[in-house]
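Q: One structure follows; several queries about it will come next.
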Amino acid sequence: AEDGIRDKLVTGVQTCALPIWPGIRMKVLLEDPDSGLLTVLMRWEPGAALPHHEHVRIEQTFVLDGAFEDDEGECRAGQFVWRPAGSRHVARSPKGALMLAFFQAPNRFFDQEQAAPGAGNPAAAWT
């Protein structure tokens with residue numbers, strides 16, 4: 001582009017290869033480490049759960065396939081849910097899910113041992 005602004009094409013989107021928790025893998029689509037902005041495609045295997053955490057800023061999720069839930073209810077394929085800053089929950093997917101998630105800032109996890117379950121985990125910096 002003449003003004004120096006260029007589109008960013010992300011390839012390999014169908015593959016969620018980066019493990020972030022047992023049974024949860026993601027593909028980073030957009031990341032801005034300076035602001036904390038993160039857009040990911042996430043694959044949750046049946047029975048996967050993300051431990052108790054807080055959304056520091058607004059978090060948005062669109063479920064493409066399957067479903068995930070917390071104590072407030074279930075979000076199924078074709079549904080969109082957003083959580084306000086300060087909301088806390090444990091997210092689970094009893095039957096598995098594929099979702100597109102948008103984070104404005106890293107999540108805060110309450111058990112430090114839960115915050116970094118694997119090497120190469122971008123969420124490890126989200127403590």
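Q: Calculate, in nm to one decimal, what Glu45 and Ala77 gain on full extension: separation in residues at 0.36 nm each, minus their alpha carbon distance.
A: On the way: separation 32, 0.36 × 32 = 11.52 nm, distance 1.48 nm.
Extending this stretch completely gives an extra 10.0 nm.
Q: Then there is this: Kindly state, to the nearest 0.05, the FRET efficiency for Leu9 paired with Val90, given R0 = 35 Å and r defined as their beta-carbon distance.
A: Numbers: r = 35 Å, r/R0 = 1.00.
The formula returns an efficiency of 0.50 here.
Q: Another question, then. What do you reckon, how do Leu18, Leu98 stack up by accessible area (1.4 Å probe), largest on top?
A: Working: Leu18 55, Leu98 30 Å².
If we order Leu18, Leu98 from most to least accessible, we get Leu18, Leu98.
Q: Please report the accessible area of Val90 (heavy atoms, 1.4 Å probe, ligands and nucleic acids excluded) in Å², nearest 10.
A: 50
Q: Counting other C-beta atoms within 10 Å, and keeping those with at most 11, which DSSP coil GluC sites (Glu not before Pro) do you find in segment 57-94? Don't skip to the end; give the middle numbers.
A: Working: sites: Glu59, Glu69, Glu72, Glu74; in loops: Glu72.
Passing both the DSSP loop test and the Cβ count: Glu72.
The values are calculated or read from the model by the stated rules, or taken from the named source; none is laboratory data. Predicted model only: the values in this text are computed from it and were never measured. Because the Cβ atoms are built from the backbone with ideal geometry, glycine has one as well, and the counts that use them run over all protein chains shown. Accessible surface areas use protein heavy atoms only, side chains included; no ligands, DNA or RNA. Shrake-Rupley method; radii C 1.70, N 1.55, O 1.52, S 1.80 Å.
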